[in-house]
Amino acid sequence: DQGKLFELEVYFRPDQNDFSADLYEEQFKKVVDLASTYGGALITVDGHSDPLGYLKQKKGGATPLVLTRTKQAALNLSDSRAKAVRDTMIAYAKSKSVTLDTSGWAVVGHGIDQPKSGICGTDPCPPKTEQEWRNNMRVEFRIIQIEAEAQVFNPL
């Protein structure tokens, strides 16, 4: 969290990679302001998927091939969610006559590997409530100010 200037979570419906950008207009406005002010900031866009389908298949004795395919599908979905948020953010900025430099953006889909419900041993923890389940279907957008060089010489 060191250097974090802003954080936004965008939520999705099951198996969807589109979202209502209107719900996030105030946050998008802040992103455009901050991205314009802190041109050297790192912007991370991390997509996530819910592990419940995978965990149910595993508990039901699905083959390793089916489990691998399910994990890959979740990875693909989380990646497309992250890209959808990135593209929507860029389009929003453009509609405000602002061009965002995306060369410093890190856009990553994590699949089911980082659920909000946590990790239990080697697997994701199953969500205990519908809200936990829904919270796993998200993209985390962050603007982080990182100093690339030391400000004062101090030998190692």
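Results, tabulated for the structure shown:
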read-out: Of the chymotrypsin sites (Phe, Trp or Tyr not before Pro) in segment 69-156, those whose Cβ has at most 16 other Cβ within 10 Å and which sit in DSSP loop; value: PHE153
read-out: Å² of accessible area per residue within segment 52-156, as computed with a 1.4 Å probe and no ligands counted; value: 63
read-out: Low-density loop cleavage sites - GluC sites (Glu not before Pro) in segment 48-156, where at most 16 other Cβ are within 10 Å (DSSP); value: GLU147, GLU149
read-out: Long-range Cα-Cα pairs in the chain (distance over 25 Å), rounded percent; value: 38
read-out: Value of relative contact order over the chain, rounded to a whole percent, pairs C-alpha under 8 Å and six or more apart; value: 42
read-out: Area projected by the alpha carbon convex hull of segment 65-144, averaged over all directions, nm²; value: 7.0
read-out: Computed accessible area, ASP15, all protein chains, 1.4 angstrom probe, square angstrom; value: 130
read-out: Surface accessible to a 1.4 Å probe, TYR38 within the full protein complex, Å²; value: 90
read-out: The chain: most fluctuating residue of ALA91, ALA41, ALA82 per GNM, C-alpha cutoff 10 Å; value: ALA91
read-out: Most mobile of VAL85, VAL107, VAL66 in a GNM of the chain (Cα contacts under 10 Å); value: VAL66
read-out: Most mobile of GLN27, GLN72, GLN131 in a GNM of the chain (Cα contacts under 10 Å); value: GLN131
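The values are calculated or read from the model by the stated rules, or taken from the named source; none is laboratory data. None of these values were measured; they are calculated from a predicted model. Glycine also receives a Cβ, built like all others from the backbone with ideal geometry; neighbour counts cover every protein chain displayed. Surface areas here come from the heavy atoms of the whole protein model, side chains and all, with no ligands, DNA or RNA. Shrake-Rupley method; radii C 1.70, N 1.55, O 1.52, S 1.80 Å.
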